[in-house]
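The values are calculated or read from the model by the stated rules, or taken from the named source; none is laboratory data. All values reported here derive from a predicted model rather than from experimental measurement. So basically every Cβ, Gly included, is an ideal-geometry build from the backbone, and we count neighbours across all protein chains shown. Surface accessibility is based on the protein's heavy atoms, side chains included, excluding ligands, DNA and RNA. Shrake-Rupley method; radii C 1.70, N 1.55, O 1.52, S 1.80 Å.
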Amino acid sequence: MIERKVTTIDGNEAAAYVAYRINEICTIYPITPSSTMAELADQWASEGIKNIWGSIPLVVEMQHEGGAAGAAHGALQTGALTTTFTASQGLLLMIPNMYKIAGELTSAVFHVAARALATQGLSIFGDHQDVMSVRSTGFCMLASASVQEAHDMALIAQAATLEARVPFIHFFDGFRTSHEINKITLLTEDEMRKIIRDDLVLDHRYRALSPERPFIRGTAQNPDTYFQARETVNPFYAKVPEIVQSVMDKFAEVTGRRYNLFDYFGDPDAERVIIIMGSGADTARETVNYLNNNYSEKLGVLQVRLYQPLSALHFLANLPNSVKSIAVLERTKEPGATGEPMYLEIVNTLVEAQQTTGLRMLPHVIGGRYGLSSKEFTPAMCKAVFDELSKDKPKNHFTVGIIDDVMHTSLNVDTSFVIESDEVVRAMFFGLGADGTVGANKNSIKIIGEDPEFYAQGYFVYDSKKSGSQTVSHLRFGHNPIQSPYLVQSANFIGIHQFNFLDRGDVLSRAAPRAVVLLNTSPHEPEEVWDKIALPIQEEIIAKKLELYGINAEKVSRDNGMGSRINTIMQTCFFAISKVLPRESAIDKIKHSIEKTYSRKGDEVVRKNFIAVDNTLVNLHRIPVPEQATSKRALPAIVPANAPAFVQKVTAMMIAGRGDELPVSALPVDGTYPSATTKWEKRNISNFIPIWEPDICIQCGNCSMVCPHGVIRSKFYHQSSLEKAPSAFKTAPIDARGFPDIRYTLQVYLEDCTGCSLCVEACPVKSKEKASRKAINMALKAPVLEDEQANISFFETLPEVDRGRVDFSTVRGVQFLPPLFEFSGACSGCGETPYVKLLSQLFGDRLLVANATGCSSIYGGNQPTTPWSVNSEGRGPAWSNSLFEDNAEFGLGFRLTSDKHLTYARELLKELSSIDKELVESLLEAEQVTEIDIRRQRDRVTEVKKKLENITDPRAAQLLAIIDHLVRRSIWIVGGDGWAYDIGSSGVDHVLASGRDVNILVMDTEVYSNTGGQMSKATPLGAVAKFAAAGKSVGKKDLALQAISYGNVYVARVALGANPQQTLLAFREAEAYPGTSLILAYSHCIAHGINMQRGLDQQRLAVESGHWPLVRYNPAVRESCENPFVLDSARPKIPLKKYAYNEVRYRVLAHTNPKEAEHLMELGQQAINQRWSIYEEMATSSGAVFQPKFK
Amino acid sequence: MDLRTTYMGMELKHPIVASASPLSGTVANIKRLEDAGASAVIMFSLFEEQLQQESAALEYLMTAGTESFAESLNYFPRMSDYTVGPDSYLNLLRNASETVDIPVIGSLNGITNTGWIDYARSMQQAGARGIELNIYYIPADLNISGREVEDRYIEILKSVKAAVSLPVAVKLNPFFSAIGSMAKALDDAGADALVFFNRFYQPDFDLNKMEVMPNLQLSTTEEIRLPLLWLAILYGRLQASLGATRGVHSPVEVVKYLMAGADVVMTTSALLKNGIDYLSNLRDGLSTWMDMHNYVSVAQMKGSMSQHNVTDPTAFERANYIKILESYKGDYTA
């Protein structure tokens, strides 16, 4: 008997587990939500895990998905079994190769965690828009609906492609399946070997290119034969359904798990049937069972597994003859189409069947869309579809799951229809990303899943912020397999891991009557907490008769030396009161798990955790719930009453987690959203904030410069402005001679602060009396909150500093320029955002930003709120994100418009004789270098606009529309290293060569940060990253030298933490340079494995070690025949090690492979020494060694 | 000439031992120490606290920001085989013990009872020939009495002795009120050797940054006086071997220590300053000095200037102080 291993894993791992073992080569590139598959493949290869033929697959990261597909194509053509993993835009980049691979009848499977496409907005979440976009490539499409299926279909697809010679996409729902953790039965190697036929593998090899038996493939064909040749593949496609079915049959024989091309569930005489594929099929199946069993309905669901080619024969054989009406549900959208693709195929199949085989009756078929971008698809929605089908004239082309008040496509859904069984424990946990809630829940699933009597499911929802983010975990436990691919609807256990979440108002909305609620009462004690709860929440607790438990988790955690991570404590409470397992055995299992996790760290750590578990139980209390609500406190407003209407109506709903309730009419039609909305979302995520000490401060501006979140603002003003100042308002005489009446204030926007402490680190002064005290120090927020709120209100009434009076050339001066990038959701202490903020301060009112997809597009443009802001005149950065791969080109397009419209405006100005000649001349000839120049040009433009409004010549209207271009625009192309060094490299290169006046800012974190730390070509030698688990063995690309080689590109390498003044200089020089500029900005990152508070120090050490030499290459200098290359940092004075080993990315290799770490560190040091000598030579050469100036 | 000596029950070719330092960080260096003539090598210390903190820091930093944002649920590859335990230290100890013929002695600094015991056992299994306890303990808690500090030393020694069959040395610090009594107590508790004295990482101030800088300066020859005093006093009065460390920069200090009563003389600063090969200079210098002064064996020299063997034993006690004041005038001053 085969011994089968049961395990709890997510869909990505389930699919990759098989794909890795039945292939020889994986060509990979990270993209959410499929990245994990590639990461695991790379990790397994580095661990030496072998495929079923006993060899370790080769895993190679490419520069983008187009590259991954190209390399896969090449590997396949030369006979290797090759796969790749992708999603969304990545799949779109593979399209050209997919046509080739299919056209050449190549056996291959691409595994796709299906995801939405970037349209009016980007979405990382799941639907079928990506896979539906490639259905014409010739790839067959096999859909999985669950974690187990993702595992099994990966094998079935591979066996089928080898036999059919037609390539396959195996897809499953992004996030819902790719990230759901469920208990599955793993395929054994033996089972895989039984399904994969070696003779077919050999056939694949012998079809390969080989000089031993040469032929050519991939020729160019002419009108005489291309068409016929295109038709040659038809017999292969015709055989696909039978082949797939036969593999499925064989699979059932080997594993006992049966699948079919179409699986029908429900009443054999059903009259109403839903046709669906992907995870929604399981929801439909559950609903059908419930309605048929409880309401004697005659309903059915037909789950589509092999969608392409859709076999009419198998389809008709599985559809009950009794069916009268059909709803084809699709997780995709094709605007302007007469229906979504599967609907059209089903209609076509039925019509053809009637025409050709005499199908008795054509059922009424409607099509509908559901679940775009991971929108929930629940049993209630499923029921709504069945209800619609029972109508005489059911709505076709409907939507379900949203409210469409524009075209009225949506179906009404009765949300009270909940079918969850009480035999299943349904738990929801509201936590912070930082408090370890999700990690603990994953651990709980593992603990319970390991029990052979239990099944477990976990799904996790995260918000859109990278700091202070909230998480909601949805867990189910029961004695039968759990296949409910939707969020918990009615929870019988709710864990609220932060007390202030109660004020959000919606945390109890899914609580079932008499549910158990566990509350972390910190900072209060459980005994006193009832009175602190707002009235509506108290009422909800009483009305639902909830059983309330409380623990001051932070106190227990602190008292037991566990710091601020309350995960073990809350997990223990869950096991103690949820009754999933008997209490004693549950606690034993937790302790066992702790022992497993921490045993390598020593008995002491284990003992400390055990004590924490025991103390948790002592400190967990039932909170008595009175019969009447007693609170005098209402729930606080989501946004203040003075917020703009759109923020009140739309943004606030999204902030409150109620965006699902927004109807279609509420949302902009083209993806356009207002700027400056983060300021309405007071997140209050840090209990500690910086406090300014006016007496110690030297007003240098360093703290304001480095603040990643734009919460430190400075103003100077006449002392008379202080008349109405609140008593707690802090002020100091300005630190400049000759201005006795001028005062200075540094104001901290404490509710927007993330508590990163970079400001304190950057502060250069210390108290004379107490060395620990600086001019800005971290302190508890609560005691000063009220005073500071009043101070901020007053600070905002102080006049903004006149930009004409600001010294743009010093850090001290720049602090007075208000940031037009504020309060973003970036990681606390982010190393990128200070650069973005600086950009907005210096050039914000005439700034256009093209932003590559990545961290910066997420913290810069992820809903619900926008950090890109506006100044007091209503001007501010205009921002857009096109894609990941095309950002340089996208930004160049901004410049082309600007150049064209500038030229056209100049032409029109000259043509329109009615405008004062002198004004025209000054407009055309104006120098726009300083802020004052620009201000004057704006005044001229305003003047001419007024005149144009009164001119009837149609050219005046033309000119009015574009005349703003006469004020010099500052165009910045912004992104990370993944974009600039890898996926967008060719575009960056092309733009650098264009000579156009654009500025490229690369915020180099030396890793793909946004997708979770994968290696890029900027990753340094010796650093560990995903896809470089054994340490990167190739050096970092010197993009600066590459750009310098053009001769006419302004290039700077900067590090704000090492030399803010040089950074500032570089930004200004780049912007002033009338050609292309490139700034490479060192950006410390959470993916480096550093204490983010020490980020600036690491920047300094990066420079001091020579890892990040500061340079500027200014082609403008060539005019005077001077050397354009300046080395701004001193010769390396510390070894690379001293910088590198402060970071986990380097240090971890010293633990996993000390010899290799030492070797790579030595190579790294040599590389630094070599590069430095090249730079020194360049810096000391005459200017003549560089490219001459081109005219 | 017979340079042999016995330390912790081990017969050594001569009394010059490489003391715990970064020099013993690789097998290659330990081999070089042997080739340069070291009669034994004390490995650098295994710091339990460092292991704990490194482990905690790695875990904290590798998990910081994880499970927070849907696109980046973590930032590092799953590292199933990384360990921040004592493995690399023990592997080095094992490899070194197998590579060189001279005894390799492990050095241990624990912070928990289990740490002391477990790591000592592991060192024994890894092939250490002895263990030196590097008890680094600053009693900054004002409620801890001198007696409690002393008890802690004794307790650690007893625990380790009970756990291993290897000889165990204790490296002492010079800040006990009664060093003699402390040495006696450790001797009674079974110490196989006592080493005088440990050098603490003492802080300095950086006046530019207004920060405390923990750093370690290399020793100077001046520093031999305190160990010299106590070696001379304790010689012949304890069962345990005596080790001298601090300030050994030339053969002169070696000779002095031996004459005070040391069984071995340990050096680090001289090697860090002059390179590993300098060890042979010390050994050859000792031999030359002995030759010039007609000594035939180290045994002959050992303790020859100890308190027990000098003309005026009180010279090591209070009179010693007086003598220094007298000599302060200089021979030619009025």
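Summing charges over all other residues whose Cβ lies under 10 Å from the Cβ of A:Phe251, with Lys and Arg as +1 and Asp and Glu as -1, gives 0. In order along segment A:72-82, the phi-based Karplus estimate (6.51 cos²θ - 1.76 cosθ + 1.60, θ = phi - 60°) of 3J(HN,Hα) comes to 4, 4, x, 5, 5, 5, 9, x, 8, 6, 10 Hz; Gly and Pro are listed as x.
Among the chymotrypsin sites (Phe, Trp or Tyr not before Pro) within segment B:106-204, those in coil by DSSP and having at most 11 neighbouring Cβ atoms inside 10 Å are B:Tyr201.
Across segment B:5-306, the mean sequence separation of Cα contacts (distance under 8 Å, 6 or more residues apart), normalised by length, yields a relative contact order of 19 percent. Can you list the lysines whose alpha carbon sits under 26 Å from that of A:Lys532, skipping same-chain ones fewer than 8 residues off? Those lysines meeting the cut-off are A:Lys544, A:Lys545, A:Lys555, A:Lys632, A:Lys682, A:Lys781. Charged neighbours of A:Leu919, selected by a Cβ distance under 9 Å, balance to -1 (K, R count +1; D, E count -1). Relative protection proxy for A:986-992, B:48-54, from highest mean packing down: A:986-992, B:48-54 (other beta-carbon atoms within 10 angstrom).
Working ranking of peptides A:288-299, A:1177-1188, A:61-72 by packing, defined as the average number of other Cβ atoms within 10 Å per residue, highest first, is A:61-72, A:288-299, A:1177-1188. Rolling a 1.4 angstrom probe over segment A:775-817 with all protein chains present gives an accessible area of which 53% lies on carbon and sulfur atoms.
Which whole number gives the average, over all residues in A:466-474, of C-beta atoms from other chains lying within 10 Å of the residue C-beta?
2
Per-peptide packing, taken as the mean over residues of other Cβ atoms within 10 Å, places A:755-768, A:216-229 in the sequence A:755-768, A:216-229 from highest down. Once a ≥ b ≥ c are taken as the square roots of the eigenvalues of the Cα gyration tensor of segment A:701-759, is the result rounded (a/c under 1.5), prolate (a/b larger than b/c) or oblate (a/b not larger than b/c)? Oblate.
For segment B:5-306, carbon and sulfur atoms together expose 50% of the accessible surface, with a 1.4 angstrom probe and every protein chain in place. Between A and B, roughly 3700 Å² of accessible area is buried in total, ligands, DNA and RNA not counted and the probe set to 1.4 Å. Under a point spin-label approximation (7 Å from Cα along Cα-to-Cβ), what is the B:Asn91-A:Asp198 distance to one decimal in nm? Those two pseudo-labels are separated by 3.6 nm. May I ask for the angle, rounded to the nearest 10°, between helix A:887-911 and the longest principal axis of chain A, with both axes built from Cα atoms and the value confined to 0 to 90°? Approximately 50 degrees, to the nearest 10.
The mean count of C-beta atoms from other chains within 10 Å of the C-beta of residues in A:1148-1156, rounded to a whole number, is 4. For segment A:313-378, the set of trypsin sites (Lys or Arg not before Pro) satisfying both a DSSP loop assignment and a count of at most 13 other C-beta atoms within 10 Å is given as A:Arg360. Largest mean-square fluctuation among B:Ala20, B:Ala36, B:Ala120, in a Gaussian network model of chain B whose springs join Cα atoms under 10 Å apart, belongs to B:Ala36. Segment A:322-395: which chymotrypsin sites (Phe, Trp or Tyr not before Pro) are DSSP loop and have at most 10 other beta-carbon atoms within 10 angstrom? Those that pass, being in a loop and sparsely packed, number zero. Across peptide B:55-63, the mean count of Cβ atoms from other chains lying within 10 Å of each residue's own Cβ comes to 5.
Measuring against 31 Å, Cα to Cα, the residue pairs A:Lys466/A:Lys1032; A:Lys465/A:Lys608; A:Lys679/A:Lys730; A:Lys1138/B:Lys273 contain A:Lys465/A:Lys608 as the ones spanning a longer distance. The angle separating the long axis of helix A:88-103 from the principal Cα axis of greatest extent in chain A is about 50 degrees. For the protein assembly as shown, a crude dipole built from +1 on the beta carbon of Lys and Arg and -1 on the beta carbon of Asp and Glu, taken about the Cα centre, is about 1000 debye to the nearest 20. 3J(HN,Hα) along segment A:1089-1105: x, 10, 6, 4, 5, 9, x, 5, 4, 5, 4, 5, 5, 4, 6, 5, 7 Hz, from the Karplus curve 6.51 cos²θ - 1.76 cosθ + 1.60 with θ = phi - 60°, whole Hz, x for Gly and Pro.
Ligands, DNA and RNA left out, the accessible area of segment A:869-1021 computed with a 1.4 Å probe is 49% carbon and sulfur.
So which lysines can A:Lys768 reach, going by Cα to Cα under 19 Å and dropping same-chain residues fewer than 8 places off? Within the straight-line limit of under 19 Å, A:Lys768 reaches these lysines: B:Lys209.
Using the Cβ-Cβ distance between A:Asn642 and A:His592 with R0 set to 51 Å, the FRET efficiency from 1/(1 + (r/R0)^6) comes to roughly 0.40.
In segment A:754-791, comparing the full protein assembly with the chain on its own, the residues that lose 40 Å² or more of accessible surface at a 1.4 Å probe are A:Lys766.
Other residues whose C-beta falls under 12 angstrom from the C-beta of A:Glu271 contribute a net charge of 0, scoring Lys and Arg +1 and Asp and Glu -1.
May I ask you to derive the FRET efficiency for A:Thr897 and A:Thr338 from their Cβ-Cβ distance with R0 = 30 Å, giving the value to the nearest 0.05?
0.25
For segment A:1071-1191, taking the reciprocal of the average inverse distance between every pair of different Cα atoms yields a Kirkwood hydrodynamic radius of 16.4 Å. The translational diffusion coefficient of segment B:5-306, from Stokes-Einstein at 4 °C and 1.567 mPa s with a Kirkwood hydrodynamic radius over alpha carbon pairs, comes to 63 µm²/s. Binning the alpha carbon pair distances of segment A:1-41 at 5 angstrom intervals from zero yields the distribution 5, 21, 28, 22, 12, 8, 3, 1, 0, expressed in whole percent. Basic side chains Lys and Arg get +1 at the Cβ, acidic Asp and Glu get -1 at the Cβ, and with that the dipole of segment A:1053-1162 about its Cα centre reaches some 280 debye.
Amide H to amide H, with H built 1.01 Å from N, A:Lys715 comes under 5 Å of A:Thr745, A:Gln747, counting only residues 5 or more places away or on other chains. On full extension, the segment bounded by A:Arg936 and A:Lys649 gains 99.4 nm, given 0.36 nm per residue less the C-alpha separation.
Taking the C-alpha atoms only, the angle from helix A:583-598 to the longest principal axis of chain A is near 60 degrees. Computed across segment B:77-209, the Kirkwood hydrodynamic radius from all distinct Cα-Cα pairs reaches 16.5 Å.
Per the Debye calculation on the protein assembly as shown with a single equal scatterer at every Cα and no solvent contribution, log₁₀ I(q)/I(0) for q = 0.05, 0.06, 0.07 Å⁻¹ amounts to -0.50, -0.71, -0.95.
For chain A, what is the calculated [θ] at 222 nm in deg cm²/dmol (nearest 500), taking -39500 (n - 2.57) for each run of four or more DSSP H residues and dividing by its residue count?
When only DSSP H runs of four or more count, the value is -11000 deg cm²/dmol.
By the compact-protein rule of thumb, 2.2 N^0.38 Å, the alpha-carbon radius of gyration of segment A:490-612 corresponds to a ratio of 1.14. With protein chains left intact and a 1.4 Å probe, residues in the protein assembly as shown average 41 Å² of accessible area per residue.
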